[in-house]
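Q: Encoded as structure tokens, here's the structure I'll be asking about.
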Amino acid sequence: MPEVKFDDVFSEMMKNDEFRAEYEALMPEYELKSELIKARIKSGLTQSQLAQRMGIKQSNLARLESASGDFKFQTIVKYARALGLKRLNISLN
């Protein structure tokens, strides 16, 4: 069976206008989640430890960090405070 490379499939899918529009619409959410996860890992906290600080279940935090998890802005602030971050910067370019 021939090897299928992700980059090749992705490049082909990005040629589809509908797919590309949906992908681009979701990018800000994925980028934000990625930054939150990086901050948690940098702080040395596990999901369980951070969830305890936030007063939520670990499974809820896992869902928030997942690709399909939804969140409110207030939850992002709560996440940042539980990490001990002094400042939360969000930029729109």
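Q: Just to confirm my filter: which helices (runs of 4 or more DSSP H) fall fully inside region 26-93 and include at least 1 residues that are of a type in the set (Asp, Glu) and open to solvent by less than 50 Å² (accessible area, probe 1.4 Å)?
A: Ranges flagged: 58-65.
Q: For Glu65, which of the numbered conditions (1) over 30 Å from Met13 (Cα atoms); (2) in contact with a Lys or Arg (Cβ under 9 Å, 6 or more places away or on another chain); (3) modelled with pLDDT of 90 or more fails to hold?
A: (1)
The values are calculated or read from the model by the stated rules, or taken from the named source; none is laboratory data. Predicted model only: the values in this text are computed from it and were never measured. Quick reminder, even Gly has a Cβ in these numbers, built from the backbone with ideal geometry, and neighbours come from all protein chains shown. Accessible surface areas use protein heavy atoms only, side chains included; no ligands, DNA or RNA. Shrake-Rupley method; radii C 1.70, N 1.55, O 1.52, S 1.80 Å.
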